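Written below as structure tokens is the structure these notes are about.
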Amino acid sequence: MMRIGQSSALFLVACLSVFVAIACISFGSVSIPVAKIVESIRSGEGVYWTVISQLRFPRVLVAFVSGALLAMSGCLLQTLLRNPLADPYIFGISSGASLGVLGALVFAVPTYSIPFGFLGAGLVIVLVALIARRGADWNPYRLILTGVMVSAGLNALISLILVLSPPNMMKGMIFWMMGDLTYAQPRVWAGALAILIIVFGVFFGRALDAMSLGPERALAIGVSVKRLEYVVYLLASLAAVAVVVEGGAIGFVGLVVPHMIRMTGVWSHRYLIPMSACVGGAMVVVADTLARSVWAPVQLPVGVMTALIGVPILIYLLNKRSDVRN
Amino acid sequence: MIIGGRVLLSGLSLVLGLGENWAILGANGTGKSSLLRLLAGIENPLKGQVLADGIATTAFSKKSLARQIGLLPQFEEDHYWGCVEEYVGLGRFSHSAGLWAKSHDDQIMTQRALENFEIKDLSNREYRSLSGGERQRARLASLMAQDPKLFLWDEPLENLDYSGQMKFLSWVCDLTRKNNRASMMVIHDINLLSRFFTHTLMIFADGSHLAGACSETLTLSNLEILYQTRFDQVMHDGARLFVPSV
């Protein structure tokens, strides 16, 4: 396999992902040629301008930020738990947020769905941390098992809400739970959080690298392990919440993207985190573009598309990787 | 301290001086590794404290403590994806002032450690792809790069071949004597002791211990109590060797 430096790989991926995002503005139920995009941006008026500024651009932006947050969250959790199967929803955060949002919808306070989502997820974050933290240190196994138990319990409650909800609301709810950006709005806090995590990843990259040798060795090297673990847990959880309350539990991005990048030979968190943001962002933008155009005017849940894209890519990379190894 | 409900190592009082090279001997499960973890500030003692230059280790930040006392644990988790050079460079974590840049010193110390453990030609190899012995050399090199005042090694000879063991032990000898560092090592090979070490700490199964210069502590009766095994004493080139008798 051709090897390029990690920094040039980051530069390449960043450029590519921005290009992909811009290209996706032109696709949709009405396709807009790139020349028209440039023209309408310059003039700032016309039908195309309305479509771009009111519909396409906000949609691409929210998709990109969601993907970036999910991929970085997954990357941080895989390091924190030292488990390749970790993803942003492993602690049941998405279940907590879903319970809040769906609860608000069913009990007729839909305008408060986002605060309720935050509330539900926040409770899960605190609960899991409190239960798992009772011993001397963050034991990854206890943390994972606690999270899986909490989310199993919450999923039961979610099923209960779905069963008891009026039939006309059910389809929308299921749609949302699969991950759906149709009604999502770009939020300043989500963007700020994404930037914060990138900065964190760049500055604390070496400490995160050391964490992959386990807490004991990281401590002996001089890493303030406990503090770092708290910050990582909090950032990764908040990133997941920020996505779920807007667009539902978009699956697969957080699990797959960090692996995809590691398999290309990038491993240092200083590069891994920002690259996860770029690749995750681009992946959700592409998935969302497909979701709103392949069956247009019917919109599909973006979560279905991320899985359909992610699965073959990861399987391909896994096979290729084992060839290189042997 | 308590491990698994047992009190290990009570009433231990020990002063380590620069230039000293200590070996820790004891049967399995007597608390040798725990003692090292305690000294490195990874675990806290139930009673008492660990002082470095007269200051309690709990008063240090993790980074500044790692510049005073460095520990190479026996085990670590295997999730590191980087190359050998970066792995060894991780030892410099506590020295880098900036979070991003590697200083000139960091570069030099890393290169010197790679050369010393003869893994310079493996610099760009993936750490995970190394053999057990090569990995062990990279691990030893990372503690060399960390360059603390007190080096703590938990069974560092594991996986090393004989030439590697001899080179490592004589390097530690030089390090303590010429560079004025202190070293403490968990080791099971009693016949290497008098050649390379200045002091011995024996930890007995009943929790008692014996510390002192090698010449005083290394006796047939002490070793037989320590390991609950009979030994034969053999003289070879004026040195006493101990062979377990079957």
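Coordinate-derived values only; no laboratory data. Predicted model, so just to flag it, every value in this text is computed and none were measured. FYI the Cβ positions are ideal-geometry reconstructions off the backbone, even for glycines, and counts take in every protein chain you see.
In table form, for the structure just shown:
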read-out	value
In chain B, lysine pairs closer than 18 Å at Cα, eight or more apart or cross-chain	7
Average partner coverage of B:61-67, which counts Cβ from other chains inside 10 Å	4
Pair A:Val106, B:Ile108: separation of 7 Å Cα→Cβ label points (nm)	6.8
Calculated FRET value between B:Arg240 and A:Tyr141, using beta carbons and R₀ = 45 Å, to 0.05	0.40
Long-range HN-HN contacts of B:Phe231 with modeled amide H, under 5 Å	B:Ser245
Cα→Cβ-extended label distance, 7 Å offset, between A:Ser224 and A:Ile22, nm	4.2
Hydrodynamic radius of the stretch B:152-246 per Kirkwood, over alpha carbon pairs, in Å	14.5
Partner chain coverage, peptide A:205-217 - average Cβ within 10 angstrom	6
Phi-based couplings in Hz for the stretch B:176-183 (Karplus 6.51, -1.76, 1.60; Gly and Pro marked x)	5, 6, 8, 8, 6, 10, 10, 9
Cα radius of gyration and Dmax for the protein assembly as shown (Å)	28.8, 100
Computed E for A:Leu162/A:Arg42 - FRET, C-beta separation, R0 35 angstrom, nearest 0.05	0.15
The stretch B:87-184, dipole about Cα centre (Lys/Arg Cβ +1, Asp/Glu Cβ -1), debye to the nearest 20	220
Per-pair calculated FRET efficiency, R0 = 56 Å: B:Ile55 and B:Ser129 via Cβ, rounded to 0.05	0.85
Protection-proxy order for peptides A:281-290, B:187-196, A:300-309, each taking the mean of Cβ atoms within 10 Å per residue, highest first	A:281-290, A:300-309, B:187-196
Whole-Hz couplings from phi, Karplus 6.51/-1.76/1.60, listed for the stretch A:145-157; x for Gly and Pro	5, 4, x, 5, 5, 4, 6, 4, x, 5, 4, 4, 5
Chain A: projected area of the alpha-carbon convex hull, averaged over directions, in nm²	18.1
Most to least packed among B:51-57, B:79-85 [average Cβ atoms within 10 Å]	B:79-85, B:51-57
Burial order of peptide ranges B:162-170, B:132-140 (average beta-carbon count within 10 Å, highest first)	B:132-140, B:162-170
Dipole of chain A, positive end: most advanced residue of A:Met169, A:Ile273, A:Asn155 [Cβ charges, Cα centre]	A:Ile273
Cα-only Debye scattering, the stretch B:110-177: base-10 log of I(q)/I(0) at q = 0.13, 0.24, 0.25 Å⁻¹	-0.33, -1.17, -1.26
Under 13 Å from the A:Val148 label point (7 Å along Cα→beta-carbon), backbone N, the stretch A:88-111	A:90-92
Simple Cβ-charge dipole of the protein assembly as shown, Lys/Arg +1 and Asp/Glu -1, about Cα centre, in debye nearest 20	900
Inter-label distance for B:Ile225 and B:Tyr162, nm, one decimal - labels placed 7 Å from Cα along Cα-to-Cβ	3.4
Whole-Hz couplings from phi, Karplus 6.51/-1.76/1.60, listed for the stretch B:196-208; x for Gly and Pro	10, 10, 9, 10, 10, 10, 9, 10, 8, 4, 7, x, 7
Distant-in-sequence amide H partners of B:Ala23 (H built 1.01 Å from N, under 5 Å)	B:Met185, B:His199, B:Thr200, B:Leu201
Gyration tensor verdict on the stretch A:179-294 (Cα atoms; rounded if a/c is under 1.5, prolate if a/b is larger than b/c, oblate otherwise)	prolate
